[in-house]
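The values are calculated or read from the model by the stated rules, or taken from the named source; none is laboratory data. The structure displayed is predicted, hence computed values, not measured ones. Cβ sites come from the backbone with ideal geometry, for glycine too, and all protein chains shown count toward neighbours.
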Amino acid sequence: MTARVLVTNDDGIDAPGLRVLATTALDLGLDVVVAAPAVQFSGSGASIVAGLEDRDRIALERRPLDGLDDLPAYAVGAAPGLIALIAAYGAFGDRPDVVLSGINHGANVGRAILHSGTVGAALTAGINGARGLAVSLDVGLAAEFGLERPSADPRWATAAGVVARVVPVLLEQRPGTVLNLNVPDREPDEVGDLRAAPLAEFGIVQTTMTEHTDEHIRISVADLSDPPAPGTDAALLAGGHAVVTALRSVSETDSPALAALAGATARE
């Protein structure tokens, strides 16, 4: 049976990376539906925020994608995490076997992926019984944050080529598997081998508070001054490698403090 695929992102329905990812899934012979935010939802993590006017209803609009007129595609008034969630309940037809999220305009590496809407959609897919793949193209040092001029012609095809190798392997994994894939913005023959790597301590940039008054707080993003630790996803990506990390979603863990608290409560 052909795998059912939901393609989404956090850059919005009109983002070029979304069309490239959908086309790649179709070329793999998969059963594809596209549902992406009507507006940009970058930085939304796994948020389940819908439109601000009516939180009980999620707006849907059929929106043909350029060059993919026959593909069912929806602009959704919701964050990508919520889109992945309602897809699991059949909002866009049969529930997906895999959610492909991206291709994001900018890398998503390090523990900062906690805040990524691209990654949030993949993680939401994982906890709802599907497989998830977040895909990002490193268009330059956080170009999406305005720290430098973005590439005039991002090499989406390079990312698509790596995705075409990763998705068949992902489909062979158990439901709940979630991968985070980052690809350098280079020509295919300039990209190093695909590497598996742990997350760097931070991402490419760090958010800081630059002003605090009684009326407002100003934040900004800045380049990290220290290079990422060798062997991490951020370091390998900077070195020209495509890099993939397997992610574990929300789960419980042991804690000495929790054990002591439970013991004290039991004695009372």
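The figures follow:
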{"item": "Residue match in the range 50-58 (condition: under 23 Å from ARG155 (Cβ atoms) and in a strand (DSSP E or B))", "result": "no"}
{"item": "Residue match in the range 88-95 (condition: modelled with pLDDT of 95 or more, outside any helix (DSSP H, G or I) and buried (at least 21 other Cβ atoms within 10 Å of the Cβ))", "result": "yes"}
{"item": "Number of positions in the range 59-81 that are crowded, with 16+ Cβ neighbours inside 10 Å and either of a type in the set (Phe, Trp, Tyr) or without any contact (Cβ under 8 Å) to a residue 40 or more places away in the chain (or both)", "result": "2"}
{"item": "So ALA35, is it under 18 Å from GLY126 (Cβ atoms) and at pLDDT 95 or above", "result": "yes"}
